[in-house]
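The structure appears below as structure tokens.
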Amino acid sequence: MKRRTKQNVGQWPNMRDDTLKAIADELARARKKHPQKGKHLDFVFSYAHELDTAFCQNDVGRMTAVQVYALCAAVAAMAIRCMEEGTLGMKYSGNRADAPKFELTP
């Protein structure tokens, strides 16, 4: 029988506190370094392509676990910037007020 251990869950369902903190830290760092509205969507695609290369092409050996973790946090942070600020060249200008109501379905 497997032993179940209780994890620290962050503000979102099933997200560990350290994961949430890593994403929040990367988001703060990115906003401090580049406070203006930019091409965040391009960065999401670029970082996601690097992850695709590392995982799907079985090239994980070229990246350390820390680098993979940081790259995943960067993808999440850029996606959040797209949600909140929008991206250059798109009609969607972000949602800085109240977030739209939606539910995650299992």
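What are the residues in region 53-89 that are farther than 24 Å from D18 by Cβ and surrounded by fewer than 14 Cβ atoms within 10 Å (Cβ to Cβ), if any? Step through it out loud before you land on a result.
Kept after step one, since they are farther than 24 Å from D18 by Cβ, are these residues of region 53-89: 53, 56-59, 61-62, 85-89.
Selection gives C56, Q57, N58, D59, G61, R62, L88, G89.
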### Query
Under 8 Å by Cβ, and 6 or more places apart or on different chains, what pairs join a residue from region 16-43 that is at pLDDT below 85 with one that is part of a strand (DSSP E or B)?
R16/V9; D17/V9
### Message
Condition first: open to solvent by less than 80 Å² (accessible area, probe 1.4 Å) and within 12 Å of R81 (Cβ to Cβ). Now tell me which residues in region 20-33 satisfy that.
### Response
I23, E26, L27, A28, A30, R31
### Query
Of all residues in region 34-50, how many are under 21 Å from M63 (Cβ atoms) and open to solvent by less than 50 Å² (accessible area, probe 1.4 Å)?
2
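The values are calculated or read from the model by the stated rules, or taken from the named source; none is laboratory data. All of these numbers come straight from a predicted model, not from anything done at the bench. We place every Cβ from the backbone using ideal geometry, glycine too, and count neighbours over all the protein chains shown. Just so you know, the surface numbers come from the protein's heavy atoms only, side chains and all, with ligands and any DNA or RNA stripped out. Shrake-Rupley method; radii C 1.70, N 1.55, O 1.52, S 1.80 Å.
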